[in-house]
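The values are calculated or read from the model by the stated rules, or taken from the named source; none is laboratory data. Every value quoted in this text rests on a predicted model; they were computed, and no experiment measured them. Don't worry about glycine lacking a Cβ; one is built from the backbone with ideal geometry, like all the others, and counts go over all protein chains shown.
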């Protein structure tokens, strides 16, 4: 009965979700008073006397040698669980005019990455970016307790001037999150162009950092044209190109967007910016993902507080007062001292290197004052069960924790998402911050952690672009944002807790196994959660008789149509289950076996609807449905809907309800309450 045991534990997971909680970072990182500092752009910043005063910090009380800056990399946090960039760390600083306190001339310089991280490929010779999918803002923490050993070191420069002149690329990337194509996946785009909203303009900067430079434009675009369509692209009023757009299929499950890129060398620019215009004509729509303005540079470097990437090894001429930082590693920048001969200064560089070459006069303090931040203690590492709770559900979460402790002898920890983000994300929202916390709870507890409950709603709009406040306990969104089959939301990501896991390929056969059980109650309404918990308590308090008959039964339900694909699915699944567990009693319900009637509202089968309700009320270990669905009901014939849920009276015989369908179990769309959620929050009269 091993398969039956597994199914039983899965039942416990679905109907009585359990939780996990995690570990602290080393205490030395978050000691003393902590201040949160907003980082709007990637670059060099400074902390000086004036900035401390504006932040309500007395500079006379601060020893610069004790200032610590704690940071994370830009962009979304790396998904690979053992990536060295996953966790906050103290980063090096450069102190100018150091004394026992922050006097008027004392300045502390540091490098920090913003919410967007730029990458250069030495293979394709192109620049792209990783903008955080889940957060709008990036921060660093500063503290003033204990001595800091993290000081910028000077990198030894290769002696001798290279014969070859180096080349480098500097870029500025324009993207905005205005529209989500499928209401699913990580990606957002600029608002689409279509027949009644057919044009848009963008003003982009020219960033030349060399005495010799050439300007370029890269466009990352998406066609959702359904018939022959075109887009005209103009630069400063002159046509760059008239593009015939690729067409998408009208099929229900076809990809809804075709991505393509365009590259242009801009040869007629003589100002600090330029305008790009798009004009769409045709059917369907057209999307702009991002615009990248970049320049290839050589000769003498013009200092600017923006990173550049070396594209050709050689030497770069620099001015005598330039400060040169190598920033290949965000957490370990190094200063390079130029070689100077007769007022001619240069450095030697290699392809792929990332540098910032700046003048100190270009470095400013962060634009917003530092905000005093209280870091709440993270619960112990030795819990059996963790509840990540919406703040509005803390009382109900405590009630559940007490119940699990008394009934199951579980050690249960409760934490809010914000408490996790404050420690593992430095105030930045990111699902990987939650995953990292869970990983430390699991790893440091020796695998004791078995259950995670996410008590709160998730939303496709995780940054509140359209629906502010709707995403409270975030869920993982897929990388694919255009294909209705391969774009999805999942909490499974939080259960990938072994070394080498986390970089989810999101392809069949390329997933990971889950080390813990994960459940979610997608509500922030305390009454809804209380009712659900009472339902759980009642079920666990009864001693049902004659369990063998129904707990061995599996009901396989198939929709009609689609060339009998759904019937074939339940036949294959039924055979598979019986091969693993011969004691299971497989009952099949196929819509094609029942009469249907044509009504004004569409095809209906009252007999099939009644048969499905009866099968659930009589009791079944699992009901598995394969076919069409939407948030409100199953099947085009609506044979399982709100009316069906109201007729359920199986409180003594709760079932695992598996729906291999669209939308019925969706939990990240706040505008609708899907039917599967109604199934488990609806109260039934005690039998």
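What the table shows:
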item: Residue count for region 486-507, restricted to those that are modelled with pLDDT of 90 or more, within 24 Å of residue 222 (Cβ to Cβ) and more than 14 Å from the chain's Cα centre (by Cα); result: 1
item: Breaking point among (1) loosely packed, with under 13 Cβ neighbours inside 10 Å; (2) assigned by TED's automatic domain parsing to the domain that holds residue 449; (3) farther than 26 Å from residue 390 by Cα, for residue 563; result: (2)
item: Residues of region 469-483 classified as surrounded by fewer than 17 Cβ atoms within 10 Å (Cβ to Cβ) and either in a helix (DSSP H, G or I) or touching a residue at least 24 places away in the same chain (Cβ under 8 Å) (or both), total; result: 1
item: Condition met for residue 268 (out of contact with any helix residue (DSSP H, G or I) (no Cβ under 6 Å at 6 or more places or on another chain), exposed (fewer than 12 other Cβ atoms within 10 Å of the Cβ) and farther than 20 Å from residue 181 by Cα); result: yes
item: Residue in region 73-88 that is in contact (Cβ under 8 Å) with a residue 40 or more places away in the chain and outside any loop (DSSP other than H, G, I, E, B) present; result: no
item: Filter result for residue 75 (under 22 Å from residue 502 (Cβ atoms), at pLDDT 95 or above and surrounded by 20 or more Cβ atoms within 10 Å (Cβ to Cβ)); result: yes
item: Qualifying residue in region 393-410 (condition: surrounded by 15 or more Cβ atoms within 10 Å (Cβ to Cβ) and outside any helix (DSSP H, G or I)); result: yes
item: Selection within region 153-174 - closer than 21 Å to residue 113 by Cα and at pLDDT 95 or above; result: 168, 169, 170, 171, 172, 173, 174
item: Yes/no for residue 553 being in contact (Cβ under 8 Å) with a residue 24 or more places away in the chain, touching a helix residue (DSSP H, G or I) at 6+ places or on another chain (Cβ under 9 Å) and not assigned by TED's automatic domain parsing to the domain that holds residue 650; result: no
item: Out of 102, 111, 190, 194, sole residue that is within 27 Å of residue 474 (Cα to Cα) and over 17 Å from the mean Cα position of the chain (by Cα); result: 190
item: Residues of region 533-590 classified as assigned to a helix (DSSP H, G or I) and closer than 26 Å to residue 404 by Cα, total; result: 11
item: Test: residue in region 436-452 that is within 24 Å of residue 184 (Cβ to Cβ) and in contact with a strand residue (DSSP E or B) (Cβ under 9 Å, 6 or more places away or on another chain); result: yes
item: Every residue from region 108-126 that is touching a strand residue (DSSP E or B) at 6+ places or on another chain (Cβ under 6 Å), surrounded by fewer than 21 Cβ atoms within 10 Å (Cβ to Cβ), touching a residue at least 24 places away in the same chain (Cβ under 8 Å) and in a strand (DSSP E or B); result: 116, 117
item: Strands (runs of 3 or more DSSP E) wholly inside region 591-647 that include at least 2 residues being surrounded by fewer than 16 Cβ atoms within 10 Å (Cβ to Cβ), on the phi < 0 side of the Ramachandran plot and touching a residue at least 60 places away in the same chain (Cβ under 8 Å); result: none
item: Check on residue 345, buried (at least 19 other Cβ atoms within 10 Å of the Cβ), at pLDDT below 95 and either at positive phi or in a strand (DSSP E or B) (or both); result: yes
item: Qualifying residue in region 496-503 (condition: within 23 Å of residue 668 (Cβ to Cβ), in contact (Cβ under 8 Å) with a residue 12 or more places away in the chain, surrounded by 16 or more Cβ atoms within 10 Å (Cβ to Cβ) and touching a strand residue (DSSP E or B) at 6+ places or on another chain (Cβ under 9 Å)); result: no
